[in-house]
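The structure appears below as structure tokens.
The values are calculated or read from the model by the stated rules, or taken from the named source; none is laboratory data. All figures in this text were calculated on a predicted structure; none of them were measured in a lab. Please note: Cβ atoms are built from the backbone with ideal geometry, for glycine as well, and neighbour counts cover all protein chains shown. For accessibility, only protein heavy atoms count, side chains too; no ligands or nucleic acids. Shrake-Rupley method; radii C 1.70, N 1.55, O 1.52, S 1.80 Å.
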Amino acid sequence: MSNAKISVGITAYKNSEYLLEALNSLLNQSVDSWEGIFILDKGADTKTKEIFNRFKHPRILKHRCRRHKGAEQARHEAIKLSSTSWYFQLDSDDKLPPHALSEILNKINENPDAEFIFGPTLHFSKTSSFLMPPSKNPEVLSTSALFSSQMPIKISMYFRIGGYAKELKYFAADWDFWLSVYEKNIVGAETKKILYHR
């Protein structure tokens, strides 16, 4: 493996029940070529704040937002704080499988022109789970993204296309961002391995 590294942003607002599981899934990765950026959005609930205040790890930077930014703009803060070339979003109620970062870094090394990596996502609940493979059908874009919006991206590409639209709320900014990636024919690299548990 080369010197490729990746930043993983964990944005926290009101998912304290799952937050430690998300953080531990980062700490339990099979490689250590990563940095973590733990973002506490303003207005987070008390339990989430308590976890944020108590949590300490030498490779995870902590940052408090001074005002409530919403999911995508909290991610934007994490991306701005990144010191690597790549960014991977981990929502506070999701998890990374132990091989996720190893597989992503391998794909980055194998595909130097790629500006994003995409693969299957395991969707889970307390009672069931199902695998969501990426779609190759652009018609899907009329109703949803082609793959999970949390897939890893090259930070220079993120800023080149303007990041998340501030005027769009909730998941619209995600969708708008990935529509831009598709419209600009930006090159990505696919993996068959599960990268994300959502």
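Values as computed for the structure displayed
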| read-out | value |
| --- | --- |
| Qualifying residue in segment 53-62 (condition: open to solvent by 10 Å² or more (accessible area, probe 1.4 Å), closer than 14 Å to residue 95 by Cβ and under 19 Å from the mean Cα position of the chain (by Cα)) | no |
| Cβ-Cβ under 7 Å pairs, at least 6 apart or on other chains, segment 1-13 side buried (at least 17 other Cβ atoms within 10 Å of the Cβ), far side at pLDDT 95 or above and basic (Lys, Arg) | none |
| Selection within segment 8-45 - farther than 12 Å from residue 105 by Cβ and of a type in the set (Ser, Thr, Tyr) | 11, 13, 16, 18, 25 |
| Residue 146 being in a loop (DSSP other than H, G, I, E, B), farther than 21 Å from residue 69 by Cβ and open to solvent by 20 Å² or more (accessible area, probe 1.4 Å) | yes |
| Subset of segment 150-190 [in a loop (DSSP other than H, G, I, E, B), under 23 Å from residue 103 (Cβ atoms) and of a type outside the set (Val, Ile, Thr)] | 150, 151, 152 |
| Residue match in segment 6-20 (condition: under 19 Å from residue 58 (Cβ atoms), at pLDDT 95 or above and more than 15 Å from the chain's Cα centre (by Cα)) | yes |
| Subset tally (residues that are of a type outside the set (A, V, I, L, M, F, W, C) and touching a helix residue (DSSP H, G or I) at 6+ places or on another chain (Cβ under 7 Å)) for segment 92-126 | 5 |
